[in-house]
Amino acid sequence: MINYSVSGSLGIIVVKLVVIKPENQAINLAKYLIYQAKQEITEPKIQQYLIDLIETIIVYKLPQKTRKEIEAMLGLSELKKTKVYQEAFAEGKDEGEVEANLKSVSNMIRLGLTLETIAEYLDLPLQEVQRLAKLTENRD
């Protein structure tokens, strides 16, 4: 990998990626950031979030390119096939679903719906709705 004389943390370099103008420089900096993320970040979920952020920045910088083209440019298509990436992605998706259900249960309780009605409406087991209801009590 090319050694860029970029000083600062990954966060600062990500900010530089946002403001950099020439397309080829942005792509090269994004590749460098992805490489650094793989080297420095051991937590798969955090690594995935950072790589997704880098990809999103490049998507906005290159609106004429498809997501698949950008994945190929950045070498992400192979990364996204790895077990670690897939597990981190699935974990993030599961957390998002739980958070959405938690918010829905909280809103439905405020509307005065019974836990049984909520379970039926959300197609969740009653025990899960009861668990989420307890979590909403602790949040409020």
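Every condition in (1) under 30 Å from VAL18 (Cβ atoms); (2) at pLDDT below 85; (3) not assigned by TED's automatic domain parsing to the domain that holds ALA26 is met by VAL98 except one, and the failing one is (1). For beta carbons closer than 6 Å, sequence separation of 6+ or different chains, a first residue in segment 27-55 that is closer than 17 Å to GLU95 by Cα and a second that is among the basic types (Lys, Arg), there are no qualifying pairs.
Within segment 65-72, is even one residue at pLDDT 80 or above and in a loop (DSSP other than H, G, I, E, B)? Write out each step before concluding.
Filtering segment 65-72 for residues at pLDDT 80 or above gives 65-66, 68-72.
Subset that is in a loop (DSSP other than H, G, I, E, B): 65-66.
Yes.
Summed over segment 92-140, the residues that are outside any helix (DSSP H, G or I) and not small (Gly, Ala, Ser) give a count of 7. For segment 74-89, a residue qualifies if it is modelled with pLDDT under 75 and in a helix (DSSP H, G or I), and the qualifying residues are SER77, GLU78, LEU79, LYS83, VAL84, TYR85, GLN86, GLU87, ALA88, PHE89. Of the candidates LEU62, LEU53, LEU33, LEU29, the single residue that is within 20 Å of GLU87 (Cα to Cα) and of a type outside the set (Ser, Thr, Tyr) is LEU53.
The values are calculated or read from the model by the stated rules, or taken from the named source; none is laboratory data. In this text the structure is predicted, and so the values were computed from the model without any measurement. Positions of Cβ are backbone-derived with ideal geometry, glycine not excepted, and every protein chain shown enters the neighbour counts.
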